[in-house]
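Before any comments, here is the structure.
The values are calculated or read from the model by the stated rules, or taken from the named source; none is laboratory data. Please read these numbers as outputs of a predicted model, since none were measured by experiment. Please note: Cβ atoms are built from the backbone with ideal geometry, for glycine as well, and neighbour counts cover all protein chains shown.
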Amino acid sequence: MIVKYVNHTRAEFTLYGDDLTFIDPMELHTWEWSYELANSITGMGGSAQSFSQWPRTFSLELRMRGRSRAHFYQQVNALAAVADADVIARQPGRLTVIAPDGNAQYLSCYLAVAGDKPEHPRLSNFATRTVTVLAVAPYWVTETTTLINPSTEEEQSSTLGKKYNLRYGYRYSTALSGNTVNNTHYTAAPAVITIYGPAANPSVVIGGNTYAVNVTLLATDRLVIDQITHEIYTVSGSGAKTNVFNNRDKTHNIFAPIPTGENAVVYSGEFVLSVALIQRRSELLWTD
């Protein structure tokens, strides 16, 4: 298992797995739901009215060493630089856990918003300190992306390399036939649906629900339906972003999450699309 922090600029710092920095992985398994209770009018028991997951903090003990004193100083200073960059920019990074099979989970957070006095024996090249992690989205996310492409496998490989916005930390799968999106999670999962041009008024049915936007895409354009941020926009070949929220098909719920299980994908087959499932868990999945 590898644990690393990737900040908003994609600078990385390995926290577990490189023989230089160590944490207790069990510290990552803490979680908490906030809730509101209502007492029964009988005075016996009650009920839970609502549950939520608000931003929270937790402690993480870091043990760092260097191959030499100079390398040790380089390590501890690099950690501060990676963490501070997010705080200054007010943009969280990702605490990412990668299992031996390559599957990754991440927590959106600021790695260090506080640090206690380090234990550092004089003239040594190792230290222990506890930092406070601020989890702004206090749940672990697994992203699984299915690329649906009616083209040949060779053409699909070209599409992946040239048009698909591959982001770090995710596992990608493809669907060349059958056109299904498999949500293996225990509940419905929100998704980021991306449609690649050229396309005119693209529409796709996933799991019985229609996702459609009245817009024209050029060959270098893409349409993004983001169910996490509730945004709908196009991105041109030059990178220009245009809000097309009001162009959505209002007769269907475009932000309906993808149901659990196998979901048939039905569409014209005239464009390429990807469906990134955002599977969220309170507790980090256990792994070796």
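The single condition among (1) among the aliphatic types (A, V, I, L, M); (2) closer than 24 Å to Asp24 by Cβ; (3) exposed (fewer than 14 other Cβ atoms within 10 Å of the Cβ); (4) modelled with pLDDT of 95 or more that Ala83 does not satisfy is (3). Identify all residues within the stretch 225-263 that are under 24 Å from the mean Cα position of the chain (by Cα) and small (Gly, Ala, Ser); write none if there are none. Once the filter is applied, which keeps residues that are under 24 Å from the mean Cα position of the chain (by Cα) and small (Gly, Ala, Ser), the stretch 225-263 yields Ser236, Gly239, Ala240, Ala256, Gly261.
As for the stretch 226-239, it holds at least one residue that is in contact with a Pro (Cβ under 8 Å, 6 or more places away or on another chain), in a loop (DSSP other than H, G, I, E, B) and buried (at least 20 other Cβ atoms within 10 Å of the Cβ). When the stretch 244-255 is filtered for residues that are charged (D, E, K, R) and surrounded by 13 or more Cβ atoms within 10 Å (Cβ to Cβ), the ones remaining, listed by number, are Arg248, Asp249.
Of the residues that make up the stretch 8-29, is at least one surrounded by fewer than 14 Cβ atoms within 10 Å (Cβ to Cβ), in the same structural domain as Phe58 (by TED's automatic domain parsing), within 15 Å of Leu284 (Cβ to Cβ) and not acidic (Asp, Glu)? Yes, the stretch 8-29 contains at least one residue that is surrounded by fewer than 14 Cβ atoms within 10 Å (Cβ to Cβ), in the same structural domain as Phe58 (by TED's automatic domain parsing), within 15 Å of Leu284 (Cβ to Cβ) and not acidic (Asp, Glu).
For the stretch 54-69, check the following and say yes or no: at least one residue is touching a helix residue (DSSP H, G or I) at 6+ places or on another chain (Cβ under 8 Å), loosely packed, with under 13 Cβ neighbours inside 10 Å and in contact (Cβ under 8 Å) with a residue 40 or more places away in the chain. Yes - at least one qualifying residue is present in the stretch 54-69.
Of all residues in the stretch 187-214, those satisfying the criterion of being part of a loop (DSSP other than H, G, I, E, B), out of contact with any Lys or Arg (no Cβ under 9 Å at 6 or more places or on another chain) and free of Cβ contacts under 8 Å to residues at least 60 places away in the same chain are Asn201, Gly207, Gly208. Please go through the stretch 249-263 and pick out each residue that is outside any loop (DSSP other than H, G, I, E, B) and touching a Gly at 6+ places or on another chain (Cβ under 7 Å). Result: Ile258, Asn263. Surrounded by 13 or more Cβ atoms within 10 Å (Cβ to Cβ), closer than 21 Å to Asp116 by Cβ and not small (Gly, Ala, Ser) - does that describe any residue in the stretch 92-102? Yes, the conditions are met somewhere in the stretch 92-102.
How about the stretch 256-276: which of its residues are under 15 Å from Ser203 (Cβ atoms), buried (at least 16 other Cβ atoms within 10 Å of the Cβ) and small (Gly, Ala, Ser)?
So the first thing to find is which residues in the stretch 256-276 are under 15 Å from Ser203 (Cβ atoms), and the list is 256, 264-273, 275.
Subsequent filtering for residues that are buried (at least 16 other Cβ atoms within 10 Å of the Cβ) retains 256, 265, 267, 271-273, 275.
The one that is under 15 Å from Ser203 (Cβ atoms), buried (at least 16 other Cβ atoms within 10 Å of the Cβ) and small (Gly, Ala, Ser): Ala256.
Quick one: which residue in Val244, Val205, Val213, Val235 is at pLDDT 95 or above and touching a helix residue (DSSP H, G or I) at 6+ places or on another chain (Cβ under 9 Å)? Can you show your working first?
Working: Val244 fails: touching a helix residue (DSSP H, G or I) at 6+ places or on another chain (Cβ under 9 Å); Val205 fails: touching a helix residue (DSSP H, G or I) at 6+ places or on another chain (Cβ under 9 Å); Val235 fails: touching a helix residue (DSSP H, G or I) at 6+ places or on another chain (Cβ under 9 Å).
After applying the criteria, what remains is Val213.
Looking across the stretch 247-288, the residues that are at pLDDT below 95, assigned by TED's automatic domain parsing to the domain that holds Thr145 and β-branched (Val, Ile, Thr) come down to Val265, Val266, Val272.
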